[in-house]
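Okay, so here's the structure we're looking at.
The values are calculated or read from the model by the stated rules, or taken from the named source; none is laboratory data. Predicted model only: the values in this text are computed from it and were never measured. Cβ coordinates were reconstructed from backbone atoms using ideal geometry, including for glycine residues, and neighbour counts include every protein chain displayed. Just so you know, the surface numbers come from the protein's heavy atoms only, side chains and all, with ligands and any DNA or RNA stripped out. Shrake-Rupley method; radii C 1.70, N 1.55, O 1.52, S 1.80 Å.
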Amino acid sequence: MLIDFSMENFKSFKDKVTLSSEAGQRLSKYKKTNTLDIGRTSVLKNLLVFGPNGAGKSNLLDGIKTMKNMVLNDPAKATDSLPINLFQLDPELLEDEPQTTFCVDFKRNSNEFKYEFSYNQKMITREELTINNKKTPYFKRVGKRFEILPKELVSVSKRTKPNSLFLFTAQQNNDFNAIEVVTWFDEDLIFVGDYSRAAIPDNLALLIKNNSVKEQLLRFLHFADFNITDIEVIDSAKTSIPVSGYSIPLQTNRTELFTMHKEYGTDGVFLGKTKKMPIDSESRGTQKILMIALSIINAELNDNGKTLLFDEFDDSLHLELSQALIKIFNSEANKNQFILTTHELQLLDSKVRVDQIYFVEKDFHGISDLSSIFDFNDPRNISRSGVSYMKRYLEGRFGAKPIIDSDEMLESLGDIKGKGPNHEG
């Protein structure tokens, strides 16, 4: 599971920020349900990241996603540019080959790994892997020079391109520790993305072909108050495409998802039949809850210990359902980790701990910052029962308060009148 993620100089985040799931010291509230003991430390099962529109919440998750993509995808050529996305509002920062830094600390199986790297558009400038908090890293690289390196990987280092992560080359050459790190990024760090049919991965859609899984999913949807009686997966194959008068055969299969609904007459009486609908015809909320439920079930079936990330978690979900999901994420039965960004301020008053709540805010320089309620003075007073986090947030007690002036917004729209393309003056 994820313990910490840090990044510096990425999109709206100029300075180093850290998202930590490590349970705060001396906090005992909801310890049995909301935390998991992973050996050296306890981690939180759920982190909620709040903040105004445009503050940078999505940029935070984009940083984690960019790091994952770089770990899993090696540049084809030594001249390929790396996906640099620097903070743009500081001219001095853009001088002298600026770089982005990512760092992640996680537990996989019996080992804890800390992996970090820095890069600019042309090359990896620094890379380091440490295992089980040892003082000496497993490998350490500065530019093209390897300062620390296992003997068996010396020849591998010579085959690593300047713009390639050594981690990628090492796992290609069967290094156990590199394989463990890459596997965590590939299998245990899961982004639950858009909810259209095209975005549902085949491995999730195919879960429904398992009758016991489908039964579990339908029960989940029933108790979430969704009127879906059955779900069907159909493999449709395109056999050919016309090209300049010829037909070229294709072997590509596409998995399609359909939901079944009972049909009722105008008098509200069940007509004794069901209607099949493609998932694209369902509301965005229905598509989203299906994706969330399938992701949870998939994590459970694959040995748990996964970290699932949701951007704009509350989008298209009503409050009661969002609150119910937060309760599930923080249940004693859950053995996975859920990190989400949200606009729904009422979720601040869910049964979560102070160390589970993060805020993103952006200052007048356009710089985003990340902080937890636990970072504020005297968190023991903040965590008193009966205290509304939402009320305190709206009072500006934790920063990140949205500054919205509806009167000025209305007046600015009114000023547009008479200023069309034919207006003079």
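General observations
- For Asp80 and Lys209, the difference between the fully extended length at 0.36 nm per residue and the C-alpha to C-alpha distance is 42.3 nm.
- Ordering Phe168, Val181, Asn109 by the projection of their Cα atoms onto the charge dipole of region 98-218, which places +1 on the Cβ of Lys and Arg and -1 on the Cβ of Asp and Glu, puts Phe168 at the extreme positive end.
- Surface analysis of region 1-86 yields an accessible area of 42 Å² per residue, using protein heavy atoms and a 1.4 Å probe.
- Spatial offset of region 1-33 relative to region 125-161 amounts to 26 Å, using the alpha carbon center of each.
- Lysine pair count for region 131-213 (Cα-Cα distance under 22 Å; residues 8 or more apart in sequence or on different chains): 8.
- Carbon-plus-sulfur accessible fraction, region 1-129 (probe radius 1.4 Å, protein heavy atoms only): 44%.
- For region 1-140, the dipole from Cβ point charges (+1 on Lys and Arg, -1 on Asp and Glu) about the Cα centre works out to 920 debye, to the nearest 20.
- The slack in the chain from Asn174 to Asp225, taken as 0.36 nm per residue of separation less the alpha-carbon distance, amounts to 13.5 nm.
- With a cut-off of 19 Å on the backbone N, the residues of region 319-336 near the modelled label site 7 Å out from Lys32 along Cα-Cβ are 327-336.
- Checking every one of the trypsin sites (Lys or Arg not before Pro) in region 293-380 against DSSP loop status and a limit of 15 other Cβ atoms within 10 Å picks out Lys335, Lys351.
- Stretch gain in nm, segment Tyr264-Val154, where the contour uses 0.36 nm per residue and the Cα spacing is subtracted: 32.6 nm
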